1. By a straight-distance test (C-alpha under 20 Å), which aspartates and glutamates pair with residue 220 as possible cross-link partners, with residues fewer than eight away in the same chain excluded?
2. Could I have the simple spin-label model distance between residue 97 and residue 134, label points 7 Å from Cα toward Cβ, reported in nm to one decimal?
3. At 7 Å along the Cα-to-beta-carbon direction for both residue 286 and residue 314, put a label point, then send me their distance in nm to one decimal.
4. Roughly how tilted is helix 227-245, in degrees to the nearest 10 and between 0 and 90, from the longest Cα axis of the chain?
5. So which lysines pass the test for residue 255, namely a Cα distance under 29 Å, with those fewer than 8 places away in the same chain ruled out?
6. Can you list residues from other chains, or at least 5 along the same chain, whose modelled amide H is less than 5 Å from the amide H of residue 183?
7. Considering only DSSP beta bridges whose two residues both sit in the chain, what percent are antiparallel, to the nearest 5?
8. Could you work out the relative contact order of region 157-312, using alpha carbon pairs under 8 angstrom and six or more residues apart, expressed as a whole percent?
Amino acid sequence: MNVRKLAAIAIAAATALAVPACSSNGASDGEYVTVDFATLGPSSLLWTFYIARDQGFFEAEGVTINQIVTQNSSLLVQSVASGSAMIGIGQSDNLIKAVDEGASLVALGATTAKNESRLIGAPGINDISELEGQRVAAGAVSGGTGDMLIALMQAGGLDQGTYEIVAIPNSSDRIVGIQNQQLEGALLIAPYDSTALADGGIVLAVYEEPYVGQMLVANKTWADDNPDAAKRVTKAMVSAANWLFDPANREEAQKILGAATETEAQATSDAYDFLVLGSVFAKDMKVSLEGMQNVINLGVQVHGGELRELDFETYVDESYL
């Protein structure tokens, strides 16, 4: 399969997740609300979403979720800003950029508190220096995962232009590129990074500083007009995050991720170790100001420009937590 074609793959399906019309544990007014919820394709970044759905946390809050799957985080944030979706899980750098450009968006909480991806070398690649002149994939060529990849390559001694970045939105597709020997490295998220490691790849680098990569993003106009609905969705997601962090739920959590991503038990176990035990997910969905500031700092480090201090309240409203 041609890797460049992989980058053009779009998922344009929307699926309704049915919820009963009533529940003794439902909303305070006794009625369900339907929320169009935008996501990317299957991955561990949606683990708390899967839990909220499968463990009944949305139902308990009186919420019917209509899941809308988008191609990439930039399009996801655009769909929320335009009102095509009411809420979604997207990258913080896309949120920040969109708000700066005047979009009606706000983050209701963070789904991650640390960087969720690792730079994996293909079999035979043992150091970042060996990626000179090679093709390396991230979710984008610039911004978000693209900036993360460039920063890691810089730290490993390779400047921009000494290698080729290929934009492939989903880690599952980046794995195909590595397996087809069309990529020599890629930023990968769990559980797909485990597949690469099992095939003989190694971890070349990880960004260790606090980093709020993924956020629960809402259309601000909708949230302002429907605060109860926004709080219900957020509460369900917080409940799912806290459920995930309970050691007693590890086995069931791994089954949920395995079913959603069609991956084996060892990969989901590795994902739990990295994402949960490593506190990559944000417990209680609290937003780290330092983690958001590092999103800005990383962009300046990679592209240059003037460093600015992030105005937290311009982008985040934690009153919904």
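1. The qualifying aspartates and glutamates are 36, 93, 100, 101, 228, 311, 313, 317, 318.
2. Each label point is offset 7 Å from its Cα along the Cβ direction, giving 2.7 nm.
3. The modelled label-to-label distance comes out at 2.5 nm.
4. 50 degrees
5. Output for residue 255: 114, 231, 235, 283, 286.
6. Long-range HN contacts for residue 183: 178.
7. Rounded to the nearest five, the antiparallel share is 60 percent.
8. Once divided by the residue count of region 157-312, the mean separation gives 26 percent.
Read the figures in this text as sums done on the coordinates, not as results from a lab. This one's a predicted model, so the numbers in the text were calculated from it and none came from an experiment. Backbone-built Cβ (ideal geometry, glycine too); neighbour counts: all protein chains shown.
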